[in-house]
Every structure is written in C-alpha cells, then in structure tokens.
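In what follows, a single structure is set out as structure tokens and then discussed.
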C-alpha cells in the first residue's frame, strides 16, 4: 500500500485488475480501486425496484459517508440472485478485507453483466489473492477496461481544478453501452478526487452533476438493475475542505458537471450499434421538467432514432413524439431544427428537407425544438438505432 | 347507390377505391366506405396532442352520432399541415358530397402516411369522380388493401351473431404495422355492422372493445397522430335496436371484443419486421391497472424484444422491465414463464434456460408473469424487434 499513483490522476488512488473467467476466460474482469486514506464517499443508484445485491449493499454502507475500496466485476450482474447473491458479494468483501487489511465497512462492491446467474464463486475467490497482491501495478485505464461489457472502448475523463492555491484532480471512468435510460443512465461510474470535500457537500455536488448528465442520456429506454455512481474524495491534496460556503464550490461543481457530462457523452457515443451521437435540445418551455420530458420522449422514440440512422429528415416523427410526451404545447408555435437547418416553422414544413437530409449525414446531430411557451430548456443525449443494436442484443448471451 | 353488397359482409355497405398517386403512382390509395342508410356512428381517436386534420374533423362530426361515408387515403397523413390541411380535407369531403349527393356532415375523412407534407390535391381531386362512380364495384377487401402503408397483408375479421331471431354481421378492417402503441394502437380501423344499435350503446361497446384490444398492443412504443377507429351500425338487419338493457348486449359485446382483438392480433403479427407474435400476460396483481402497466413495460422493452428475436431466454431483462414499470412488487415472489417453461421461481433462476431457449424458437411466444400479489391480470400483445424493423424505418421516406 506504499506505492504512489504514477499517472496524471488524483493523488492517493491505487488500482488492480485480475482475470476470474467470470463469463469467459482470457480477460481481466475484476478490479479494485483503493484510496490510500479513508475517503468521503457519495453515490447515486438505480431507481429500478429490482436492485442487484451489490447495489443494495452499497446503498446501505454509503450512509456512513466513508469508503476506501471499490471492488467491481464484469460478466455477471449479481442481480436476481436472492440471498445467495448478497452472501456472495459479502464473501468477496470479506476476503478482500482480510487480504488488504482494510475494514469491510469501507469496501463497496459493484457488478455488471448478465442478470439471474449466480456468481461463479469457485472462480472469483481464487482470483482475489492476485488481485489484492497487484494493487498499484495497474492504472485507472486498466480498471476502465476491466468493467467493459458490450462497450467498445474504455471511458475516462480527467479534470484539473484550482482549489484555493492548490490544484486538485478529478478522474472519472464509466461503462455503459446498453440498457441506458434515466434515471441513472450509466451502469457503473467511478469518480475519484484528491480534493478534500465535506461529506454533505460531496453528496450534493454529485447529485447535481448526475442529474445533468447520466440522468439525461438514453440509449434504449431500458433501465438497469445495477446502475451505480460512486465518488470518493480522499482529501490528500490537503486543501481546506470544500463546503457549501466555499468560494471554490461553483468551480468545483462546474468541473464535476463537465466531467460527468463528458463521461455521459462517451457512453452515448458507444451506445450499442450507434453510428451517430444525437443531442436533443428542447427550449422555450414553461419549466425545465417540461423540456426534459419532451426531449426524452423524442430521444426514446425508435422511429426518430431509425430516421436519423437513415439520414431521413422525417420531422413528423418528432412532432408525434412531442405529441405523446405529455407536455402541453401548441403545434402551430413549434420550430424544429436539424443542426442549423430549420425544418419546421410554426408547426409546418419549412421545405428544407433536402438541406436537412444533407445535414443528417454528419456524425453529430443536434435536434433543436423551440416550443415558444417560456424560457426553460433541457438537453438529452442519445444515439441512432441500427441493425447492429438488434444483433448485439439478440445474441448477448449466446 | 342501388347495388347491394354481394359479399358475406353486413347488409347495406358499398365500397370503392381509386388510384390518386398520393405517394407514388400505380396503386389504389384512396377508398370509400358507404352505408346505404344513415348509420349510427361511434369512434375512438389518438390521444396524441398532435392530431391530424382529418382526426380533428372526425372528432367534431362524431358528436352528431350519425354518419354514412368514410373517405380514407394512404400515402399522406395530412398531419402537421395546419389550416391548409383542414381546408384540404374539407374540400375532399365537399367534392364527394356533391358527387354522391350525401350531406357533408355525414362524411368522415381519414388519412395515413407521411406526416408534414401537404396533401397533393392536384392529384387527389381528379381521382374523386372515378372513386365515386365506382361505388359498389369494389369489396371491403379492396378497401383494406388501399389503406395499407408498410403493412404486408390486408387485415379483415368478420363475425356473425344472432340478435333476437335474426343473424347480423360485423366486419372489421384495419391497418397498422408501425407507430403502434397505447392508447389507440392502430392507425386506422373501420367496423361495419347491419345490426341496429342505439347510439349511446354503440359508443360504449366500441370503447370497451378498443380498451381490450387496440389499447393493449404495442410495436415500437410510438403513438401516431392519426389513430382512428370508426364503427357504423346501419340497422339494415331490421332487429330491435340493441340497448344497454338488451338481452343480446353481452353476446354483441363479446363478438365485437373478439373482432377487435382479432384485428389487433393481425396488426401485431404484421408489426414492422416482426418474426414472432408475443403475448405478455401479467397476473397476480392487486388491480388490472398494475397488470397492464407491468405488461406494457415488458412489451415495450427493446432488450426483451431483441432477446426474443434471438431465441435467448434472458429473463433478467423481464425482471428489469418489471422493476422500472412503476408497479410495486416483491422480487422474491415473482414467477416467469416462456410458454409453459417456468424460468423464474420466486425471483430466482429455475435452471430451465435450455428448455426455454428451445420454446422460444416458436412463432407464438407467451410470456407469463405471476407477481403473487392479488387476483387481477392483463394481457398485452407485441412482437419481436428485428434488423428489418430498423431497415423499414430508416428508409421509410426514401
């Protein structure tokens, strides 16, 4: 536990990965994130009624506000596994606690992968000694790789930020790809910082950041049983802890917001089978809730998503999605843009279909809707819907 | 108007179709349904805030309870077409009224097809004389064909039913295929009967039938701007009109329910790109609303639908969909079946994945979920989600 982190990441975090052949052999599928000092920890979790065993354990532990270790595996979600699932997660924690000599209360478990299959403990437990022995020999990048399931690339964002007269670091990794929908739109995300942050403030800034990022992305409208965001602040930067009254709070919040939005964007970009990143921006609503609701309705529409895949400026599908969103609006006041092309003016065709079709060939699409009913707005990120999404999800377990 | 209907359909209905090259030339894309006598008429319409011009016209006219003619076109939805759309629909009605010498108040317009393109009146108006001249030279089957968009087959169901000592007929046609979601899950459906039914009773039986059929099917979760069900009862059978107090009411309701459910089933079977018909049956809930909500959540899940396409008994995705349905339930009490194979027992894997995978190779899949929390139940019909759905919808307008 004496090795210091070498990378450009925050001070005092160490990493390890190992191969436990959880789903299949030949890859690193279990990982550790360790803070060298007790850290303040905050988390947000899936609102799905069906919660994986490790999610329930984390939700219980996090009440203490303290943590040091995250142990995470891919290949098996440890969800719908009943009492055995809880026993298995606790057994993993107990082994790691003994091997690292860190209190079990400070160890947080996470799992991602197939639902409903018991954890292969006969392969996981023998992998733990190598995992705990190699702490410090791996990087955050390695952990980001180990937690991938159908992801095609690891997802990391790092931010530097000045707090008082010292510069701290926030690093974030996450995995996503499928079963991504509000609220809590990534399956797993870990944010680490060496900046000292008071526990209550940590809870609040994380919640704010998640609301504007992971809760505003959607890939297939399905919500996972395992979604977890954990943030550890170990204070090793030595700054005066950030509190609700700190001058540095707005900058800290902004950095965290940017980091979380950056990660969320990477998740959508890597949406299963996605060829395009789509930002749905609804403005001119009476309140932010209406804007988010309208944007989500559009972003979740299979018809809108397939049209974008097909470079088809079929804005009627956007009008239809607005119409069933539950948001009150006036059709004849609605403007719609694909990137900068105004395709709908006052609810009617603006005869720009050819230009819009051309604009839709881009890899980054922005759909802007102005309902001209107020000054509020909201942004939702999504991707197109392709044959590849079907293939990935029809064959996931085979 | 003197020709009598030849087919096995109800007495006193005549049909016509014509080609107006609305979307492209070479097919019949406009049709008439005419009752030889004034009929009682009832309807249910899309709850989408964005309603096509003809839907708004129908909703207004139907308050009179009387109708004789339905004029319907495919290829253009006449939705998001503003004041011009209303003017166009009324102009079509006006021409037909003059040519058929039937009051405009009794003529109901419907449209289906692409949203946001003005009606090609320069091609529609010249097609009307042939349309009105040929009344009686076409069959209900011809009309069912003319209203198809991405449908691959026409959809017709006919029921005979004894009312008192005479036997009446109910015929129904519909079109569907995509953008099918509750409420009002078909784009267009017409039900015709020669049985005399009191107006109020007609409203009620139709509403009941739609609730148990078209409002319980889903293909892609999108809800159309044009969904319309119209039912005309012209009374030419000569029976004592069916009322709320009639002995024949339950049998009449049953026949109508069966007809509507049969049509709804055909719509799902012809879901865009579908290879399998999927019935989601949720039982053991405290009330019917909970059951319907849970069933819809499962039926709308892209992950569930792709798993079924891939013959993958991935019941974890069903548990996840139940978990975000908003219905309170206990995971550890949940049983799930694929056809007759119990894959989940008390929330846990029942180790029947191999048998279930085999069962999923069938063309008709029944997912049964028992939440063991009460005695209510509900059934939702859907289909699998395939690469072909993506292809159809990415290329719809091209």
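The values are calculated or read from the model by the stated rules, or taken from the named source; none is laboratory data. Keep in mind the model is a prediction, meaning the values are calculated, not measured. Methodologically, a virtual Cβ is constructed for each residue, glycine included, from the backbone with ideal geometry; neighbour enumeration extends over all protein chains shown.
Can you tell which of A:98, A:159 is in the same structural domain as residue A:45 (by TED's automatic domain parsing), over 30 Å from residue B:331 (Cα atoms) and touching a helix residue (DSSP H, G or I) at 6+ places or on another chain (Cβ under 7 Å)? Steps first, answer last, please.
Values: A:98 fails: touching a helix residue (DSSP H, G or I) at 6+ places or on another chain (Cβ under 7 Å).
Selected residue: A:159, the only one of A:98, A:159 that is in the same structural domain as residue A:45 (by TED's automatic domain parsing), over 30 Å from residue B:331 (Cα atoms) and touching a helix residue (DSSP H, G or I) at 6+ places or on another chain (Cβ under 7 Å).
Only residues that are farther than 25 Å from residue B:260 by Cα and outside any helix (DSSP H, G or I): list them for the range B:98-135, please. Can you show your working first?
The initial filter retains those residues of the range B:98-135 that are farther than 25 Å from residue B:260 by Cα, namely B:98-105, B:114-135.
Matches in the range B:98-135: B:101, B:102, B:103, B:114, B:115, B:116, B:117, B:118, B:119, B:120, B:134, B:135.
Search the range B:48-63 for residues being surrounded by fewer than 18 Cβ atoms within 10 Å (Cβ to Cβ) and more than 14 Å from chain A (Cβ to nearest Cβ), and hand back the single one that is nearest to residue B:228 (Cα to Cα).
Pass one, the range B:48-63, residues surrounded by fewer than 18 Cβ atoms within 10 Å (Cβ to Cβ): B:56, B:59-60, B:63.
Keeping just the survivors that are more than 14 Å from chain A (Cβ to nearest Cβ) gives B:59-60, B:63.
On the way: B:59: 10, B:60: 13, B:63: 15 Å.
Among those that are surrounded by fewer than 18 Cβ atoms within 10 Å (Cβ to Cβ) and more than 14 Å from chain A (Cβ to nearest Cβ), it is B:59.
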Of (1) facing another protein chain (nearest Cβ under 7 Å); (2) in a loop (DSSP other than H, G, I, E, B), residue B:326 satisfies every one except (1)
Can you name every one of the strands (runs of 3 or more DSSP E) wholly within the range B:138-254 that holds 3 or more residues which are closer than 22 Å to residue B:62 by Cα?
B:166-175, B:188-193, B:228-233
Assuming residue B:353 fulfils every condition listed in (1) within 11 Å of another protein chain (Cβ to nearest Cβ); (2) surrounded by fewer than 19 Cβ atoms within 10 Å (Cβ to Cβ) apart from one, which condition is it?
(2)
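Given the structure, is residue A:344 facing another protein chain (nearest Cβ under 10 Å), modelled with pLDDT of 95 or more and touching a strand residue (DSSP E or B) at 6+ places or on another chain (Cβ under 6 Å)? If you could, list the steps in order and put the result at the bottom.
Details: facing another protein chain (nearest Cβ under 10 Å): yes; modelled with pLDDT of 95 or more: yes; touching a strand residue (DSSP E or B) at 6+ places or on another chain (Cβ under 6 Å): yes.
So residue A:344 fits the description; yes.
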When the residues of the range A:287-310 are narrowed to those that are out of contact with any strand residue (DSSP E or B) (no Cβ under 6 Å at 6 or more places or on another chain) and more than 9 Å from chain B (Cβ to nearest Cβ), which ends up surrounded by the fewest Cβ atoms within 10 Å (Cβ to Cβ)?
A:289
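In this structure, is residue A:60 in a strand (DSSP E or B) and either in contact with a helix residue (DSSP H, G or I) (Cβ under 7 Å, 6 or more places away or on another chain) or more than 17 Å from residue A:191 (Cβ to Cβ) (or both)? Walk me through how you get there before you give the answer.
On the way: in a strand (DSSP E or B): no; either in contact with a helix residue (DSSP H, G or I) (Cβ under 7 Å, 6 or more places away or on another chain) or more than 17 Å from residue A:191 (Cβ to Cβ) (or both): yes.
Here the answer is no, as residue A:60 does not meet what is asked.
Suppose the filter is assigned to a loop (DSSP other than H, G, I, E, B), touching a helix residue (DSSP H, G or I) at 6+ places or on another chain (Cβ under 8 Å) and more than 7 Å from chain B (Cβ to nearest Cβ); does residue A:313 pass it?
Details: assigned to a loop (DSSP other than H, G, I, E, B): yes; touching a helix residue (DSSP H, G or I) at 6+ places or on another chain (Cβ under 8 Å): yes; more than 7 Å from chain B (Cβ to nearest Cβ): yes.
The answer is yes for residue A:313.
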Only unsatisfied item for residue B:237, checking (1) surrounded by fewer than 24 Cβ atoms within 10 Å (Cβ to Cβ); (2) out of contact with any strand residue (DSSP E or B) (no Cβ under 6 Å at 6 or more places or on another chain), is (2)
Taking the conditions exactly as written (in the same structural domain as residue A:171 (by TED's automatic domain parsing) and closer than 19 Å to residue A:293 by Cα), does residue A:215 satisfy them or not?
yes
Please work out which one of (1) surrounded by fewer than 16 Cβ atoms within 10 Å (Cβ to Cβ); (2) within 27 Å of residue A:219 (Cα to Cα); (3) touching a helix residue (DSSP H, G or I) at 6+ places or on another chain (Cβ under 7 Å) is the condition residue B:346 fails and give its number.
(2)
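Collect the residues in the range A:361-398 that are within 12 Å of chain B (Cβ to nearest Cβ), in contact (Cβ under 8 Å) with a residue 12 or more places away in the chain, surrounded by fewer than 23 Cβ atoms within 10 Å (Cβ to Cβ) and assigned to a loop (DSSP other than H, G, I, E, B), keeping them in residue-number order.
Taking the range A:361-398 first, the residues within 12 Å of chain B (Cβ to nearest Cβ) are A:371, A:384-398.
Next cut, in contact (Cβ under 8 Å) with a residue 12 or more places away in the chain only: A:371, A:384-393, A:396-397.
Filter once more, so that each one left must be surrounded by fewer than 23 Cβ atoms within 10 Å (Cβ to Cβ): A:387-388, A:391-392, A:396-397.
Answer for the range A:361-398, where residues must be within 12 Å of chain B (Cβ to nearest Cβ), in contact (Cβ under 8 Å) with a residue 12 or more places away in the chain, surrounded by fewer than 23 Cβ atoms within 10 Å (Cβ to Cβ) and assigned to a loop (DSSP other than H, G, I, E, B): A:396, A:397.
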